[in-house]
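**Q** The structure that follows is given in the form of structure tokens.
The values are calculated or read from the model by the stated rules, or taken from the named source; none is laboratory data. None of these values were measured; they are calculated from a predicted model. For neighbour counting, all protein chains shown are included, and Cβ atoms are generated from backbone atoms with ideal geometry for every residue, glycine included. Ligands, DNA and RNA are stripped out before the accessible areas are found, and what is left, the full protein with its side chains, is counted by its heavy atoms. Shrake-Rupley method; radii C 1.70, N 1.55, O 1.52, S 1.80 Å.
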Amino acid sequence: KCPVCSNLENKVIDSRLNKEGNSTRRRRECLSCNERFTTYERIEKTLPYVIKKDGRREVFNVEKIRRGILTACKKRPVPMEKIDNMVHKIEVDLHQNYDREVKCKTVGSMVARELRRVDHVAYVRFASVYREFKDVAEFMRELKPMLK
């Protein structure tokens, strides 16, 4: 739809894939007013539903993963590029290995694994909430392997 005259008739002048290859940029020209504009086309991927601890199912939200990682990495020397890479890796893993449903515990384990690889303090922060340690002894059992 032309952004100037709202005409639905237009022609594609040029098409290009973006660097990642996951969207197409198209230059178009309106056949009514000759205005040129750009549209983007991307594949819509469906992610599995997340089964919460109480049994509820909710649509997977990649922003929740990003927020959790950002919170764990707050005031840590973890570049945004690494955070984006962790989020992307988890999202790809979910696409490849889970069709319809995934338990929230599985998603939490994926986040913990990535954080442990990148920053031990961020991992401990995340694990303390995600794993719901009952006491200091449980917490210490988690920390011991990292101290070696």
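**Q** Looking only at the stretch 86-96, filter to residues that are surrounded by fewer than 16 Cβ atoms within 10 Å (Cβ to Cβ) and modelled with pLDDT of 90 or more; which one of those is farthest from the chain's Cα centre (by Cα)? Can you show your working first?
**A** To start, the set of residues in the stretch 86-96 that are surrounded by fewer than 16 Cβ atoms within 10 Å (Cβ to Cβ) comprises 88-89, 92, 95-96.
Restricting the remaining residues to those that are modelled with pLDDT of 90 or more gives 88-89.
On the way: 88: 5, 89: 8 Å.
Going through the qualifying residues, I end up with 89.
**Q** Next question. Within the stretch 121-134, is there a residue that is more than 18 Å from residue 65 (Cα to Cα) and at pLDDT below 95?
**A** Keep residues of the stretch 121-134 that are more than 18 Å from residue 65 (Cα to Cα), which gives 133-134.
Narrowing further to those that are at pLDDT below 95: 133-134.
Yes.
**Q** If you go through the stretch 71-85, how many residues are open to solvent by 70 Å² or more (accessible area, probe 1.4 Å), assigned to a helix (DSSP H, G or I) and closer than 20 Å to residue 128 by Cα? Reasoning before the result, please.
**A** The first filter runs over the stretch 71-85 and keeps only residues open to solvent by 70 Å² or more (accessible area, probe 1.4 Å), leaving 71, 74-77, 80-82, 85.
Checking which are assigned to a helix (DSSP H, G or I) leaves us with 71, 80-82, 85.
Those left that are additionally closer than 20 Å to residue 128 by Cα: 71.
The number of residues fulfilling the criteria is 1.
**Q** Taking the condition of being assigned to a helix (DSSP H, G or I) and of a type in the set (D, E, K, R), how many residues in the stretch 95-148 meet it? Even if it seems obvious, please write down each step before you answer.
**A** In the first step, residues of the stretch 95-148 are kept if they are assigned to a helix (DSSP H, G or I); the result is 95-97, 104-118, 120-130, 136-147.
Narrowing the set further to residues that are of a type in the set (D, E, K, R) leaves 105, 113-114, 116-117, 125, 138, 141-142, 144.
Residues in the stretch 95-148 being assigned to a helix (DSSP H, G or I) and of a type in the set (D, E, K, R): 10 in total.
**Q** For the stretch 50-69, name all the residues that are free of Cβ contacts under 8 Å to residues at least 40 places away in the same chain, within 15 Å of the chain's Cα centre (by Cα) and either in a loop (DSSP other than H, G, I, E, B) or crowded, with 16+ Cβ neighbours inside 10 Å (or both).
**A** 61, 66, listed by residue number.
**Q** Now for a different question. Got at least one residue in the stretch 25-45 being under 30 Å from residue 127 (Cβ atoms), without any contact (Cβ under 8 Å) to a residue 60 or more places away in the chain and not small (Gly, Ala, Ser)? Write out each step before concluding.
**A** The first filter runs over the stretch 25-45 and keeps only residues under 30 Å from residue 127 (Cβ atoms), leaving 45.
After this cut, where a residue has to be without any contact (Cβ under 8 Å) to a residue 60 or more places away in the chain as well, the list is 45.
Applying the additional criterion that residues be not small (Gly, Ala, Ser) yields 45.
Yes: the stretch 25-45 contains one or more residues that are under 30 Å from residue 127 (Cβ atoms), without any contact (Cβ under 8 Å) to a residue 60 or more places away in the chain and not small (Gly, Ala, Ser).
**Q** Looking only at the stretch 117-148, how many residues end up being open to solvent by less than 70 Å² (accessible area, probe 1.4 Å), within 18 Å of residue 76 (Cα to Cα) and in contact with a helix residue (DSSP H, G or I) (Cβ under 6 Å, 6 or more places away or on another chain)?
**A** Within the stretch 117-148, residues that are open to solvent by less than 70 Å² (accessible area, probe 1.4 Å), within 18 Å of residue 76 (Cα to Cα) and in contact with a helix residue (DSSP H, G or I) (Cβ under 6 Å, 6 or more places away or on another chain) number 6.
**Q** Looking only at the stretch 49-71, how many residues end up being among the acidic types (Asp, Glu) and under 14 Å from residue 102 (Cα atoms)?
**A** Going through the stretch 49-71, the residues among the acidic types (Asp, Glu) turn out to be 54, 58, 63.
Checking which are under 14 Å from residue 102 (Cα atoms) leaves us with 54, 58.
Adding up the residues that qualify gives 2.
**Q** Please enumerate the residues belonging to the stretch 97-116 that are polar (S, T, N, Q) and either surrounded by 14 or more Cβ atoms within 10 Å (Cβ to Cβ) or more than 23 Å from residue 20 (Cα to Cα) (or both). Step through it out loud before you land on a result.
**A** Narrowing the stretch 97-116 to residues polar (S, T, N, Q): 97, 106, 109.
Correct list: 106, 109.
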